[in-house]
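Just below is one structure, and these are the notes that go with it.
The values are calculated or read from the model by the stated rules, or taken from the named source; none is laboratory data. In this text, all values refer to a predicted model and were calculated from it rather than measured experimentally. Cβ atoms come from the backbone with ideal geometry, glycine included; neighbour counts cover every protein chain shown. Note: accessible area is taken over every heavy atom of the protein model, side chains too, but ligands, DNA and RNA are not part of it. Shrake-Rupley method; radii C 1.70, N 1.55, O 1.52, S 1.80 Å.
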Amino acid sequence: MAKKGELGRVWDYVVNTQVWRSVMRHGYPDTPRNRSLAVLANLILHLHPIRLRKSGLRVRYTWCMGGLTFFLFLELTITGLLLMFYYRPTAEYAYNDIEYLRADVALGIMRELHRWGAHAMVISVWLHMMRVFMTGAYKPPREFNWSIGVILLVLTLLLSFTGYLLPWDQLAMWAVTVGTNMARATPVLGHEGPGASLVVVPYAEGAGTISVVHQASDVRFGLLGGRFVGAATILRFYVLHCVGFPLIAAFLIALHFWRVRKDGGISGPL
Amino acid sequence: MPLFIKEFLNNFFNPTVYVVISIIGFVVMMATYRVWTKPRIAMGLLALMVLFFIASWSDPNFNKIVTKPDNVPIVSLVFILGFFLWLSLRQAAINDERIERGEPPREATEANDRVLVWPDLVYSELICMVIFTAVLVLWSVFIPAPLEEPANPGKTPNPSKAPWYFLGLQEMLVYFDPWIAGVVLPTMIITGLICIPYCDKNPKGVGYYTLKERPFAITTFLFGFIVLWVTLIIMGTALRGPNWNFFGPYEKWDVHKLETLSNVNLSEYFWIHLLHKGLPEHWFARELPGILLILGYMFVMPPLLAATVCRKMFQQIGFLRYNIVILHLIVMAGMMIKMVLRWTINLKYIVFIPEYFFNI
Ligand code: HEM
């Protein structure tokens, strides 16, 4: 776009420099062509299609919930990264580090942003699922994307759950204890689960059997890294919370967005 | 709020009443969706809810729970979910009336309009982002994140609650053993959700809000989400106190509240009360009635249903899909059945084989 006046000349000069042109491959997005290119040529924007149904644009249709969930995911990634500067996942330090964050770190609302953002993401992902359901958007050809969504929902809860432990206060420890106590009742794999007592190996000729699934070998033990929620658990949950689950979630979100496009964009009446 | 109303409500509510009322509320909501979603009536309902909160605010016990920082999202959830229920059912009501008149749904009138992502969508996303950043920052500035005492393995808090989004499952622990409440049910929620698109063969209702064209799917989903998931979370957060006892909305959480539990197993009902005999020695003989009942429920009822009530569904979706759907529905219904049996005849376990930790 040619601008008038002194400023316009500067603008024209800047956008014609080799540096600018190497970064921006299109002109100002005020023509259909440049607007298409604005989306196409941008790594982040090109998650979108070029055009979409007008009905799919309406907030009353999508509630903006998927977008909000993604926004919260990004927000949590950034604030989480900042929190990692201050937090050491060990039984000795974890609690004190959080206290320090609370009391002494300047502009310290990172922990709040992270905690409230996490609550909000759990809610927004439920509401997103509800809107997808209510608009029948899971029906062909979007069945698979719904399934990816369900896995994302589970990951969101797991991310929140593993994060719950990290402040290492009474609330954290006991909520996770209550939550993981269930695992000991896993059929066959938990030591108090149905069928677990049947998994045995012979001890010696005629000398009875020993059980394979017991307190120090069942799924709960594997989850906690011990028989109780303790130092090993913090480290495990920390690694899952900061590395494992976010990586899987990021990959699946990318796949989810890709599929939204490949399945014909936001759903609409045929 | 006058004391006698508070006392009445405290005494009136218990888990049975709470669940029954939420089910009745749900049924009424679905049946009258065209009426209550009218903006004026919906505003009236909202006003009632706000009034309830204002009237209860000064009560110390109510206030303590509602203003707890970690409960803020749950209280907001009540309003947010109410709003989105209204938004979706309102649009469904409008569309259903249009469809009855032979017109296409509202969304269809603009489905062929294609708009450019830049600037239309990108700008709405930006606005959404700015608004929500502001909300989060304000929320974070005004409500500091709580931090309790350092973790202490020797000191169990009472009540000990799971993270709030799992409180519905924790509520199920009242009625089921952990292997069902903590393992089987969550697994089946996930598999059930994943199976939805593959089992729902109704081609109607893609891309617009409607209830009339997919009444079964929507009612089942909302029943699971609202009644079995969200209202149980609210109960678990606000009305379950020390020892997981039930407390009314204005009741003090007294650690010493006693609730006598005298629950009876089905085997005792059968052998002792019905046949006037002792319990058989061997677990298999003892639990045979319960085992037969469960097997009948799981494996005999589905084909019976397929031949009678669910005949149409069976023909439409076929053998495999039918069995997947019915399995999940039966488990969902089983939750309700076990609850009702507990309330009415104090039934503890239908099958009780502690030898193998196998209790249903
Ligand atoms: C981390 C979690 C998730 C993120 C970031 C996410 C993001 C998105 C976004 C941005 C869209 C575009 C349309 C919209 O905003 O509504 C979308 C569409 C969709 N999502 Fe998700 N989603 C997530 C979880 C889920 C869940 C839990 C489900 C369902 C169980 C789901 C199923 C779908 C489906 C089927 C579509 C296509 C909808 C249509 O075409 O109308 N997603 N998602």
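Some observations on this one:
- Across the stretch A:1-56, the number of residues qualifying as of a type in the set (S, T, N, Q) and under 30 Å from B:Pro105 (Cβ atoms) comes to 2.
- The single residue among B:Leu116, B:Leu81 that is without any contact (Cβ under 8 Å) to a residue 40 or more places away in the chain, of a type in the set (A, V, I, L, M, F, W, C) and open to solvent by less than 40 Å² (accessible area, probe 1.4 Å) turns out to be B:Leu116.
- When the stretch A:1-21 is limited to residues that are exposed (fewer than 11 other Cβ atoms within 10 Å of the Cβ) and small (Gly, Ala, Ser), the one that is modelled with the highest pLDDT turns out to be A:Gly5.
- Test for A:Ala207: is it assigned to a helix (DSSP H, G or I), open to solvent by 50 Å² or more (accessible area, probe 1.4 Å), modelled with pLDDT under 95 and more than 9 Å from every other protein chain (Cβ to nearest Cβ): no
- Search result, residues across the stretch B:185-213 that are touching a residue at least 24 places away in the same chain (Cβ under 8 Å), facing chain A (nearest Cβ under 8 Å) and in a helix (DSSP H, G or I): B:Ile196, B:Tyr198
- When the criteria are applied in full, B:Ile127 meets the requirement of being open to solvent by 50 Å² or more (accessible area, probe 1.4 Å) and more than 8 Å from chain A (Cβ to nearest Cβ).
- Hey, A:Ile266 near the ligand (Cβ under 8 Å from one of its atoms) and within 19 Å of A:Gly66 (Cβ to Cβ) or not: yes
- Selection from the stretch B:294-341 of residues that are in a loop (DSSP other than H, G, I, E, B) and open to solvent by less than 60 Å² (accessible area, probe 1.4 Å): B:Cys310
- Whichever residue in the stretch B:130-143 is surrounded by 13 or more Cβ atoms within 10 Å (Cβ to Cβ) and not in a loop (DSSP other than H, G, I, E, B) and, among such residues, is nearest to the other protein chains (Cβ to nearest Cβ): B:Ser140
- Residue pairs whose Cβ atoms lie under 7 Å apart, separated by 6 or more positions or on different chains, with the first residue in the stretch B:55-78 and in contact (Cβ under 8 Å) with a residue 60 or more places away in the chain and the second in a helix (DSSP H, G or I) and charged (D, E, K, R), are B:Asp59/B:Lys6.
- Selection within the stretch A:229-253 - open to solvent by less than 50 Å² (accessible area, probe 1.4 Å), within 13 Å of the ligand (Cβ to nearest atom) and more than 14 Å from every other protein chain (Cβ to nearest Cβ): A:Phe245, A:Pro246, A:Ala249, A:Ala250, A:Ile253
- Tally, over the stretch B:77-105, of residues that are assigned to a helix (DSSP H, G or I) and more than 8 Å from chain A (Cβ to nearest Cβ): 16
- Residue within the stretch A:80-96 that is facing chain B (nearest Cβ under 9 Å), over 25 Å from the mean Cα position of the chain (by Cα) and among the acidic types (Asp, Glu) present: no
- In the stretch B:144-180, the residue that is most open to solvent (accessible area, probe 1.4 Å) out of those that are of a type in the set (A, V, I, L, M, F, W, C) and facing chain A (nearest Cβ under 7 Å) is B:Phe166.
- Considering only residues in the stretch A:22-48 that are at pLDDT 80 or above and among the β-branched types (Val, Ile, Thr), the one that is surrounded by the fewest Cβ atoms within 10 Å (Cβ to Cβ) turns out to be A:Val23.
- Residue within the stretch B:61-71 that is among the β-branched types (Val, Ile, Thr) and either more than 22 Å from the chain's Cα centre (by Cα) or over 18 Å from B:Ile233 (Cα atoms) (or both) present: yes
- If you go through the stretch A:210-228 and keep only what is open to solvent by less than 70 Å² (accessible area, probe 1.4 Å), touching a Lys or Arg at 6+ places or on another chain (Cβ under 9 Å) and part of a loop (DSSP other than H, G, I, E, B), you end up with A:Ala216, A:Asp218, A:Gly225.
- B:Asn346 fulfils the conditions (1) surrounded by fewer than 17 Cβ atoms within 10 Å (Cβ to Cβ); (2) free of Cβ contacts under 8 Å to residues at least 24 places away in the same chain; (3) not β-branched (Val, Ile, Thr) except for a single criterion, (2).
- Residues that are acidic (Asp, Glu) and open to solvent by less than 50 Å² (accessible area, probe 1.4 Å), drawn from the stretch A:83-122: A:Asp97, A:Glu112
- Condition check for A:Leu153: surrounded by fewer than 22 Cβ atoms within 10 Å (Cβ to Cβ) and closer than 26 Å to A:Ile98 by Cα: no
- Test: residue in the stretch A:58-75 that is open to solvent by 40 Å² or more (accessible area, probe 1.4 Å) and more than 16 Å from the ligand (Cβ to nearest atom): no
- Taken together, the residues in the stretch B:20-65 that are among the hydroxyl-bearing types (Ser, Thr, Tyr) and surrounded by 16 or more Cβ atoms within 10 Å (Cβ to Cβ) amount to 4.
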